[in-house]
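The values are calculated or read from the model by the stated rules, or taken from the named source; none is laboratory data. Values in this document were obtained by computation on a predicted structure and should not be read as measured data. Here the Cβ positions follow ideal geometry from the backbone for every residue, glycine too, while neighbour counts run over all protein chains shown. Calculation scope for accessible area: heavy atoms of the full protein, side chains included, ligands and nucleic acids excluded. Shrake-Rupley method; radii C 1.70, N 1.55, O 1.52, S 1.80 Å.
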Amino acid sequence: MQEQGGNGAAHWASAACRDFDAQLSDYLEGGDRPGVVSHAAECAFCGAVLSDMLMVRSASAELADDEPSPRVWANVRAALVAEGLIRPPRERRRWTEWLLRPVPAAALTALILLSAFAIRPVLRRHHRTAVDFAELVVGHDVIQNVSQMETAFREQSADLNPTIKRAYEEDLASLNGEIKECNDTLARQPDDSLSREYLVSAYTEKARVLESALELGDGDGR
Amino acid sequence: MALSQSRASKAASDAELIARAQRGDEEAFAALFEVHKRRVYSLCLRMTGDTAEAEDLAQEAFLQLFRKIATFRGESAFSTWLHRLVVNVVLMHLRKKGLQQVSLDEPDASQDEPVKREYGDDDKRLLHSIDRITLSRAIEGLPPGYRAVLVLHDVEGYEHNEIAQILSCSVGNSKSQLHKARLKLRELLRSQRLPASIRGT
Ligand SMILES: [Zn+2]
């Protein structure tokens, strides 16, 4: 049995080689094991083991990432749409953009007729204030619920990630602005049927935003 | 939309994208996918060694992520959360396939081999530059448990305490399995080394 490999063709592990084996893992983990380096310098076989291990480690760290095929996103997107997690852009469009959208003449006529026969008498009879327009159009319960959600959000929002919190607050500020604009328009022009639609849309979106924010607040923190 | 198109395209931070995705914004979902797809897919690929399987798993991981995104509060790094989820998806898949050795606390005794010191001049030669295809193929050739710990530590850069959590094993076990995995990888590389990927000393 040959004790030390050196330059010979054959090699059997010596006691020093076995020590090297025992300490190699700790050395590679950053431990202070001077015996590993000194033995690697004098034993060709263990020297090759150490060099190879260092190379395997560094080559693995440099392994570049691969690109998945486009079908992965296509499938993910299709599932998100099917599950309603991606919402159609139309639902999220600002009502001012919506206003500029071409409205089919027949639909517009129907809305005007509706407001002329149904809404105007009600509005005139009660001399509604701005807040009351919202109640009349959206419904008392909806306004009450959205208001409660907003209060709950303000109470919980301190716990949210500041960036996420800011994004929600910006969205809410924008939606509250839309709601105010609708109410102002209705106060001047109680017959404005499109403003009614936008008001409903703004409240719906606000409820969604608040729902999402509150779910976040109730989450497990991950 | 409160967050304008121009801001959307510049939104580098995950937090903003997450907040927008939570409100159903397709562009935010697409951007989150774009930012993380390569790392997620590569992790799946390295852990399974199969492109079709890796794509299915990446798809599954992103879907699970996007379904859970409403519960993400930003207390831990988003990428850490995502990667833990990916690893769980892959491990679940491997366990379903009935592959052994995924759990590191039940190592295969046959894997506990000493470092080989064989006969012949070739055997003490160093491995030199390893090309990525050779290395990827060798990693794919590792038993799943070794592959998991080596991919997580040496390729993805996880710490042993994180790996211990992900794989439900002890830190010591993660360390010892990593060492064995590297030795096994070295053995695979030396047995399949090609003229282009190795030079003699
Ligand atoms: Zn030695």
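Of note:
- Per-pair calculated FRET efficiency, R0 = 25 Å: A:A15 and B:H128 via Cβ, rounded to 0.05: 0.25
- Peptide A:70-76, shielding by other chains (average Cβ, 10 Å cutoff): 6
- Inter-label distance for A:H140 and A:D191, nm, one decimal - labels placed 7 Å from Cα along Cα-to-Cβ: 2.9 nm
- Pairs exceeding 30 Å between alpha-carbon atoms, taken from B:K96/B:K180; B:K97/B:K180; B:K37/B:K97; B:K97/B:K184; B:K68/B:K97; B:K68/B:K180: B:K68/B:K180.
- Nonlocal amide H pairs with B:Y158, under 5 Å, H built at 1.01 Å: B:H153
- Taking all protein chains together and rolling a 1.4 Å probe, B:R84 ends up with roughly 60 Å² accessible.
- Measure of compaction for segment B:124-199 (Cα Rg per 2.2 N^0.38 Å): 1.16
- Within segment B:39-72: backbone nitrogen closer than 19 Å to the A:S69 label point (7 Å, Cα to C-beta): B:39-63
- Taking θ as phi - 60° and the Karplus parameters 6.51, -1.76 and 1.60, the scalar couplings of segment B:129-145 work out to 4, 10, 6, 5, 5, 4, 5, 4, 5, 5, 4, 4, x, 6, x, x, x Hz in sequence order, x denoting glycine and proline.
- Counts of other chain beta carbons within 10 angstrom of each beta carbon in peptide A:39-51 average 3.
- Förster radius 35 Å - calculated FRET efficiency between A:E155 and B:K68, Cβ distance, rounded to 0.05: 0.90
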